[in-house]
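Peer 1: Here it is: the structure, laid out below.
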Amino acid sequence: MNDTIQIDVVSAEEEIFSGKAEFVVLPGESGDLGIYPKHAPLITSIKAGPVRIKVPDVEKEDHIFVAGGILEVQPSIVTVLADTAIRAEDLDEERAVEARKKAEEALEKAASKQEIASVEAELAMLKAQLAMIRREGK
């Protein structure tokens, strides 16, 4: 019998994924987190990067880009509350490159520490998005 766990990935805009999975791997603040069925309860923040979901009886993993958020793990359900979540196939390299250029220009013009921190966070998210796009071979 295949052990599975319910995975729900949601953002403010929509539910991105809801279904049973063998495991999920997420970008934790201190490194990747691998969650399997019957994992110990956990609540932690996640950073920008890929979420990999292994659905039973499907060879290829589902990939979703998250721009940070919160991970809640219970023994039978994993909930990812993402700031932004985008399916890998919906990522657009050209748009991400253009957004990164604009953010780099904004960083050069940033005056306050708060403005600099905000733009640096956006740049980190865009770099993670581009890395995922390039890994996916899009």
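Peer 1: Six or more apart or on different chains, Cβ atoms under 6 Å: show the pairs whose first residue is in the stretch 73-101 and within 20 Å of L33 (Cβ to Cβ) and of a type in the set (G, A, S) and whose second is assigned to a helix (DSSP H, G or I) and at pLDDT below 85.
Peer 2: Taking only residues 6 or more apart or on different chains, the pairs are A88/E136.
Peer 1: Identify, by number, the condition in (1) within 23 Å of E14 (Cα to Cα); (2) touching a Leu at 6+ places or on another chain (Cβ under 6 Å); (3) assigned to a helix (DSSP H, G or I) that M132 doesn't meet.
Peer 2: Tallying (1) within 23 Å of E14 (Cα to Cα); (2) touching a Leu at 6+ places or on another chain (Cβ under 6 Å); (3) assigned to a helix (DSSP H, G or I), M132 fails exactly one: (2).
Peer 1: Given (1) closer than 18 Å to A48 by Cβ; (2) among the charged types (D, E, K, R); (3) in contact with a strand residue (DSSP E or B) (Cβ under 7 Å, 6 or more places away or on another chain), where does E72 come up short, assuming only one miss?
Peer 2: Looking at each condition in turn, E72 falls short on (1).
Peer 1: Tell me which of these K47 doesn't satisfy, since it passes every other one: (1) within 16 Å of the chain's Cα centre (by Cα); (2) more than 25 Å from R134 (Cα to Cα).
Peer 2: With (1) within 16 Å of the chain's Cα centre (by Cα); (2) more than 25 Å from R134 (Cα to Cα) applied to K47, the lone miss is (2).
Peer 1: Restricting the stretch 15-37 to residues that are outside any strand (DSSP E or B) and at pLDDT 90 or above, which is surrounded by the most Cβ atoms within 10 Å (Cβ to Cβ)?
Peer 2: E22
Peer 1: Within the stretch 38-87, work out how many residues are closer than 25 Å to D3 by Cβ, part of a loop (DSSP other than H, G, I, E, B) and charged (D, E, K, R).
Peer 2: 5
The values are calculated or read from the model by the stated rules, or taken from the named source; none is laboratory data. Note that this is a predicted model, so its numbers are computed, not measured. Neighbour counts are summed over all protein chains in view; Cβ atoms, including those assigned to glycine, are modelled from backbone coordinates with ideal geometry.
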